[in-house]
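What follows is a set of notes on a single structure, which appears directly below.
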Amino acid sequence: MVSMSKIATGNGHGENSPYFDGWKAYETNPFHAIDRPDGVIQMGLAENQLCFEFIKKWLMEHPEASLCTPEGVGKFKETALFQDYHGMPEFRQAVAKFMGKVRGDRVKFDPDRVVMSGGATGAHEMVAFCLADPGEALLVPTPYYPGFDRDLRWRTGVELVPVICESSNNFQITRNALEAAYEKAEEDNLRVKGLLITNPSNPLGTIMDRDTLKSIVRFINEKNIHLIGDEIYAATVFKDPEFVSISEVIEEVECNRDLIHIVYSLSKDMGFPGFRVGIVYSYNDAVVNCARKMSSYGLVSSQTQHLIATMLNDDDFVDNFIVESKDQLSKRHKYFTWSLSQVGIGSLKSNGGLFIWMDLRKLLKEKTFDGEMDLWRVIINEVKLNVSPGSSFHCHEPGWFRVCFANMEDSTMEVALSRIRTFILKNNEAIVPLKLCRRSSLKLSLPRSLSRRMDDFMSPTGIMSPHSPLPQSPLVRART
């Protein structure tokens, strides 16, 4: 047999994990309201589909933004020809302006420090290549996005050292936890080169307050290690407190700015993962220069740059989009968490992201990660929902699950909620329903289609009405 490289034969990609297994279950049997009503509903995909009609309207009104229309074809030749890997000036200017807008224009970004990459995946790897050598380490607070094991480690050889955060303080990052992780790395003879934080957090949906960020900046400055701020969910914060960027904090805390780097993209904030628009923004000239050279391996297409630049330079569109997106996310989040609460399912209080951190600890037959995996298999195979177990996010407490709520239509969400309720009612000895919320105040902020359905969820006892027209869960027919 012909020998292959260690990358080709190894398991560094991390695909053999429950996080990716859930995706495989969905891809094998995807839900469709008519063709596959018993299929798996995708709730493991952090995708923002709630503003597509708003964006579609803009596209219809601005056909010149596309090079494949009579209005835009005049720019086809110049855009189709070779483009410098620095990126189109108008694209970098538009992205820099948008980054400032979603941070409330409290900070400005320099277009000359905007380096493009093929999505946040490529941006993270690019930063890792720039900051650390194989065998050196980055600290990462838990729970964290499973893809980091691939993005930051697989091809770079960089190690990830977990910073253990706990539910007792809502998984907040503390100075003690940072110090403990740093000391553990030293004991393991790992040289720590940086700290990666995700703000807003994936999978928690929470944001870091200003004091926490200041503490983090002081920590990395004292240790003389880099800080990578993943801020790809910056515009998904839908209620107070407002998002605070690391770019704001370094204006208030004395630090070596050569240590500060931001990863951004348009995949989450605008719902454009297919466009592969990733951004590295560094305050370090050497990192900018190196990353720009590396970007030639994962450029954003010129056609995409042209479309994005045209769209983001429309100030009215951007302002209205930010408001509309937050409004839609807020309504969906409120309705989804309220619906879960009616059958006693709690979640970590959050105000950002495209997901909730669902607490199913009461449903574990045993308070272990084996117990968590047993529950997850039931949810995947019988309830037919692809939700992601906390252990795949390196959470150190079993029973937490990430559930995405913005990647589906209202009707699909209703089916998912119906399946969850049926499952919980079958297991109601393990969990006690919470007290009903007041209907009047909640209805005011819900989409009309969902508000009209509210009464269908409620009976005098606070459980789903037996007259609800929602589809029945396949769990009812599943073997025990």
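Brief remarks follow.
- When each of Val244, Val253, Val73 is scored by the number of other beta-carbon atoms lying within 10 Å, the sequence from fewest to most is Val73, Val253, Val244.
- Pair His396, Asn224: separation of 7 Å Cα→Cβ label points (nm): 2.8 nm
- Estimated from helices alone, the mean residue ellipticity of the chain at 222 nm is -11000 deg cm²/dmol (sum of -39500 (n - 2.57) over DSSP H runs with n ≥ 4, per residue).
- Between helix 89-101 and the chain: long-axis angle, C-alpha atoms, 0 to 90°, nearest 10: 50 degrees
- Taking a ≥ b ≥ c as the square roots of the eigenvalues of the Cα gyration tensor, segment 289-350 is classed as oblate, since a/c reaches at least 1.5 and a/b does not exceed b/c.
- If you plug the beta carbon distance of His13 and Arg36 into 1/(1 + (r/R0)^6) with R0 = 22 Å, you get a FRET efficiency near 0.15.
- Rounded to 10°, Cα long-axis angle of helix 210-223 versus longest principal axis of the chain: 50 degrees
- Fewest-first sequence of Cys51, Cys68, Cys395, Cys165 by Cβ atoms within 10 Å of each Cβ: Cys68, Cys51, Cys165, Cys395
- Approximating the spin labels as points 7 Å out from Cα along Cα→Cβ, the Phe52-to-Phe76 distance works out to 2.7 nm.
- The listed peptides 14-20, 90-96, ordered by packing as a protection proxy, come out as 90-96, 14-20 (highest mean of other Cβ atoms within 10 Å first).
- Spacing of the modelled spin labels on Thr69 and Asp410, each 7 Å from Cα toward Cβ, amounts to 2.8 nm.
- Cβ-based exposure ranking for His32, His306, His394, in which fewest neighbours within 10 Å come first: His32, His394, His306
- Centroid-to-centroid separation of segment 4-65 and segment 191-256 [C-alpha atoms, Å]: 28 Å
- Residue-count net charge about Phe129 - beta-carbon cut-off 12 Å; Lys, Arg +1, Asp, Glu -1: 0
- In the set (i) 21.4, 75; (ii) 23.0, 69; (iii) 23.7, 89, the label that goes with Rg and Dmax of the Cα atoms in Å computed for this structure is (ii).
- Net charge, Leu204 excluded, C-beta distance under 14 Å - Lys, Arg +1, Asp, Glu -1: -3
- Note on segment 65-313: antiparallel DSSP beta bridges, both residues inside, total approximately 35 percent of the bridges counted.
- Straight-line cross-link partners of Lys214 among the lysines, defined as a Cα under 21 Å from its Cα and at least 8 positions apart when in the same chain: Lys108, Lys193, Lys223.
- FRET E, pair Asn320, Asn176, Förster distance 35 Å, beta-carbon r, rounded to 0.05: 0.20
- In degrees, nearest ten, helix 315-341 long axis to first principal axis of the chain (Cα): 30 degrees
- Paramagnetic label reach from Asn289 (point 7 Å along Cα→Cβ; backbone nitrogen cut-off under 14 Å): within segment 235-267, no residues.
Bear in mind that the values in this text are calculations on the coordinates, not laboratory data. All values derive from a computational prediction rather than experimental measurement. Cβ sites come from the backbone with ideal geometry, for glycine too, and all protein chains shown count toward neighbours.
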